[in-house]
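K.L.:
I am attaching a structure below and will ask some questions about it afterwards.
The values are calculated or read from the model by the stated rules, or taken from the named source; none is laboratory data. Here the structure is a predicted model, which is why all the values come from computation and not from measurement. Quick reminder, even Gly has a Cβ in these numbers, built from the backbone with ideal geometry, and neighbours come from all protein chains shown. SASA here: full protein model, heavy atoms, side chains in, ligands and nucleic acids out. Shrake-Rupley method; radii C 1.70, N 1.55, O 1.52, S 1.80 Å.
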Amino acid sequence: MYSVAVVPIMVGTAIAVWQSQTFQISVFAICLMAAILIVAWLNLSNDVFDAETGIDVNKAHSVVNLTGNKSLVFGVANGCLLAGFLGIGTVVWQQQDGTILGLIAIACALGYSYQGPPFRLGYQGLGEWICLVTFGPLAVAAAYYSQTQAWPSTAAPWLALLVASLFVGSVTSLILFCSHFHQVEDDLAAGKRSPVARLGTQRSAQVLPWICGLSYGLIGLGVATQLLPIWTLLCGLSVPIAVHLCRHVGQYHDQPELVKNCKFIAVKLHFWSGVYLSLGLTLPHLLPLLQNV
C-alpha cells in the first residue's frame with residue numbers, strides 16, 4: 001500500500017531528470033522516506049478517526065482493532081508525521097528554500113481533512129478528489145521541485161508536469177475508489193457517502209473502465225501533443241492490470257468477500273503504471289548514456 005508514497009516521488013523526480021537532467025540521489029532518498037512516513041501517519045490516523053465513528057467495526061486489518069489501543073496508534077501516527085517533516089526539513093535547510101515544505105504542508109492538511117474531525121470530507125464523498133490532488137499535482141510537484149529548485153519557465157513543461165501528475169493522482173484515487181466496494185453497508189451505516197455508496201456497486205463497476213480509460217488517455221494526449229516523450233507510452237504495459245481490475249470488479253461488485261481484494265489489484269496497477277511512466281520519462285536521457293558504454 002505504501003506505493004502511494006513511492007510513485008509520486010518517483011514520477012516527480014523522473015520529470016525533473018527528463019526536463020532538466022537533474023538528479024540528486026540524497027534528496028530523492030530523503031523525500032522518499034519522508035513520504036512513506038507521512039503516508040504511515042495518514043493511514044494510522046485514519047484508523048483512529050474511523051474507530052471514533054465505528055465505521056471500521058468489521059475491518060479486521062484496522063490497526064486500532066488489531067492493537068485495541070487507540071491512543072498508542074495515534075501517538076505512533078503523530079510520531080511518523082513529525083519524523084517525515086524533519087526529513088523534509090533537512091532538505092529545506094540544505095537548499096535554503098521552503099517551497100517543498102509548503103507543498104507538503106498543504107498536502108497533509110488535505111489528507112487530514114479526509115477523515116479528521118471536524119471536517120471528515122471523506123464522509124461527504126470527496127475522498128477521491130482529495131486523493132487525486134494530494135498524491136497527484138501536490139506530491140509530484142514537490143518531488144520535482146526538490147530536484148530542480150525551480151519551476152518550468154515555459155508553458156509546455158508546465159503542462160507536461162500537470163498531465164503526468166494528474167495521471168498519478170487518478171490511478172491513486174482508483175485505490176480508494178475500489179476500497180469501498182466490499183464495505184458499502186458499513187459506509188452507509190456510519191453515514192459515509194462514498195462514491196460507491198452513492199452510485200451503488202453496479203453503476204460504480206460500470207464507471208471504473210471510464211476512469212481507467214481517461215487516466216491512460218491523459219498519457220496518450222500528452223504524447224500526441226508532444227508534451228511527453230513517446231517512451232511514456234510504456235505506461236500501456238500496465239493496461240492488462242487495468243483490464244483485470246475492471247473485469248474482476250464487474251463480475252464480483254456485489255459480493256463483498258470476492259470483491260474485497262480489488263483494491264490490491266488497484267495498488268498493483270498504481271505501482272507498475274508509475275514505474276513504466278518514470279521509465280518512459282527517463283529513457284530519452286538514459287539511452288544515449290547506455291550507447292556510450
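K.L.:
Among the residues of the stretch 255-275, which ones are open to solvent by less than 70 Å² (accessible area, probe 1.4 Å), of a type outside the set (A, V, I, L, M, F, W, C) and assigned to a helix (DSSP H, G or I)?
P.N.:
Within the stretch 255-275, 256, 263, 270, 273, 274 qualify.
K.L.:
With a cut-off of at least 2 residues that are modelled with pLDDT of 95 or more and within 30 Å of residue 273 (Cα to Cα), name the helices (runs of 4 or more DSSP H) lying wholly within the stretch 1-109.
P.N.:
3-20, 25-53, 70-95
K.L.:
Further question on the same structure: Would you list the helices (runs of 4 or more DSSP H) that sit entirely within the stretch 153-228 and hold 2 or more residues that are under 18 Å from residue 19 (Cα atoms)?
P.N.:
155-178, 201-224
K.L.:
Looking at the stretch 103-122, can you tell me whether even one residue there is out of contact with any strand residue (DSSP E or B) (no Cβ under 7 Å at 6 or more places or on another chain), open to solvent by less than 10 Å² (accessible area, probe 1.4 Å) and under 27 Å from residue 227 (Cα atoms)?
P.N.:
Within the stretch 103-122, not a single residue is out of contact with any strand residue (DSSP E or B) (no Cβ under 7 Å at 6 or more places or on another chain), open to solvent by less than 10 Å² (accessible area, probe 1.4 Å) and under 27 Å from residue 227 (Cα atoms).
K.L.:
Further question: On the given criteria, is residue 249 in contact with a Cys (Cβ under 8 Å, 6 or more places away or on another chain), in contact (Cβ under 8 Å) with a residue 60 or more places away in the chain and under 16 Å from residue 179 (Cβ atoms)?
P.N.:
yes
K.L.:
What is the one condition in (1) open to solvent by 20 Å² or more (accessible area, probe 1.4 Å); (2) in contact with a Pro (Cβ under 7 Å, 6 or more places away or on another chain); (3) farther than 23 Å from residue 177 by Cα that residue 135 does not satisfy?
P.N.:
So the condition that residue 135 fails would be (3).
K.L.:
Follow-up. Considering only residues that are open to solvent by 90 Å² or more (accessible area, probe 1.4 Å), out of contact with any Leu (no Cβ under 7 Å at 6 or more places or on another chain) and over 18 Å from residue 170 (Cα atoms), look in the stretch 229-254 and name the one that is modelled with the lowest pLDDT.
P.N.:
The extreme case among them is 254.
K.L.:
Consider residue 282 carefully, then state whether it is among the β-branched types (Val, Ile, Thr) and open to solvent by 70 Å² or more (accessible area, probe 1.4 Å).
P.N.:
For residue 282, the condition - among the β-branched types (Val, Ile, Thr) and open to solvent by 70 Å² or more (accessible area, probe 1.4 Å) - is not met.
K.L.:
Here is a check on your reading of the model: is residue 145 over 23 Å from residue 88 (Cβ atoms), touching a residue at least 40 places away in the same chain (Cβ under 8 Å), open to solvent by less than 50 Å² (accessible area, probe 1.4 Å) and more than 17 Å from the chain's Cα centre (by Cα)?
P.N.:
The answer is no for residue 145.
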